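Take a look at the structure set out below.
The values are calculated or read from the model by the stated rules, or taken from the named source; none is laboratory data. Note that the structure is predicted; figures quoted are calculated from it, not measured. Using ideal geometry, Cβ is built from the backbone for each residue, glycine included, and neighbour counts are taken over all protein chains shown. Protein only, heavy atoms only, side chains kept; ligands, DNA and RNA dropped before computing areas. Shrake-Rupley method; radii C 1.70, N 1.55, O 1.52, S 1.80 Å.
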Amino acid sequence: AFLSASLGVFAPSETYTLPKTSSSWEPQPDSMLPSGPSTGSTGAPAVAEPTVQGPKNPHVSSVTVQLEMKALWEEFNQLGTEMIVTKAGRRMFPTFQVKILGMDSLADYALLMDFVPLDDKRYRYAFHSSAWLVAGKADPATPGRVHFHPDSPAKGAQWMRQIVSFDKLKLTNNLLDENGHIILNSMHRYQPRFHVVFVDPRKDSERYAQENFKSFIFAETQFTAVTAYQNHRITQLKIASNPFAKGFRENHDPWPGLPTMTPAPIPACPTSSVPTRSRSSLGPHLLKGSTERKKDPNKAFTSRIPARLHHQLLAPPEALLAPATYPPLAYQGLYTGASSPVRPRARPTPYPLPNIQADRDQGGLPLPAGLGLLSPTAMCLGPGQDPQ
């Protein structure tokens, strides 16, 4: 009951009218919101909600809020802060964190946030000019939701003891979301609002709804909802400042605090034994040679294996170029009992041959005597044998 009346005065669907009427928008944090009374502490001013607020309950009138990581928020705001919205929900970065002062230590408070559109326009990012431009009229308003801090309600002493972080808050563009995430339209600009609600123990607390809450607005926390980062400088800044984005950085230490392990050098191969062809010894040389061939296929491949390895794997050049000498083949070693060289014996012809002399006498074709024809008997004799 103490929150039902308070939520009615937040008016999450209201919009702020910007003084600028140009079709393009440049980040200018000083001119986004109408001027209002400052209720924050020194160094982190909190701009009070620019709506008519009546007298406040003493339990909330003296409450002040300091925005944590103010310098980081301002750095993002100068570039134009962008927040990712997804169907499943995405957490904000920078995370909305505040330091609360001036609460009643014994009173109960509830902390919550909501998001209101900054204008009634839809934007698009022009990459050629690195600026946001008005793309048309805003889409229909999304269902207004508020996000309660999971520790609400709690005593003022607990809230003031430490920094309050809304790290569980998620943004989504799913209009049918059932997880309680904040529903936003992509390519629209929003202003987060922080509310401190006093839990009034009186039974008629609804009558004092206007007095039991106090709202705070930080102009540097406004952002554009996007499904993917448009400005590359925003992407670089988020990677550089987000501790959970170390995987996107270059030359980072994945295990801080641990000694760096350096691989031991590979010992040289001894000259007395032939080394085995392993990945550690021959792999780098062969791999480097194959890389050179890929770069220039016309270039001859030159091996980078050490010269001493060639001497171990190959025979010396003198042995390769020397003429081959073979021992003479002796028949005495092949046939046992043969004391002298074996001579082949004359064998008869397997078929009768014509008589050359008879054909000449019978008027056959004259054969020239200089052809060196041999007799049938001489053709079957071996060299050095006499006809019997």
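Quick notes on this one:
- Nitroxide proxy distance, nm - points 7 Å out along Cα→Cβ at residue 127 and residue 208: 5.8 nm
- Here the label points at residue 57 and residue 233, each 7 Å from Cα along the C-beta direction, are separated by 4.5 nm in the simple model.
- Assuming charge only on the beta carbon of Lys and Arg (+1) and of Asp and Glu (-1), the dipole of the stretch 56-248 about its Cα centre is about 360 debye to the nearest 20.
- For the stretch 176-241 versus the stretch 87-101, the spacing of their alpha-carbon centroids is 8 Å.
- Packing rank of 92-99, 108-115, where each peptide gets the mean count of other beta carbons within 10 Å, highest leading: 108-115, 92-99
- Hypothetical label at residue 178: residues of the stretch 136-155 whose amide nitrogen lies under 18 Å (7 Å Cα-Cβ projection): 143
- If both residues of a DSSP beta bridge must be in the stretch 56-248, then about 85% of such bridges are antiparallel.
- Of the accessible area of the stretch 56-248, computed with a 1.4 Å probe over protein heavy atoms only, carbon and sulfur atoms account for 52 percent.
- The string of couplings for the stretch 129-137 from the Karplus curve (6.51, -1.76, 1.60, θ = phi - 60°) is 10, 6, 8, 8, 10, 6, 9, x, 6 Hz, one whole number per residue in order, with x for Gly and Pro.
- The amide H of residue 227, built 1.01 Å from its N in the peptide plane, has 85, 187 as neighbours under 5 Å, considering only residues 5 or more places off or on other chains.
- Extending 7 Å from the Cα toward the beta-carbon at both residue 165 and residue 91 defines two label points whose distance is 0.7 nm.
- Normalised by the number of residues in the stretch 56-248, the average gap of Cα pairs under 8 Å and 6 or more apart makes the relative contact order 33 percent.
- log₁₀ of I(q)/I(0) at q = 0.11 Å⁻¹ - the stretch 56-248, Debye sum with one point per alpha carbon: -0.55
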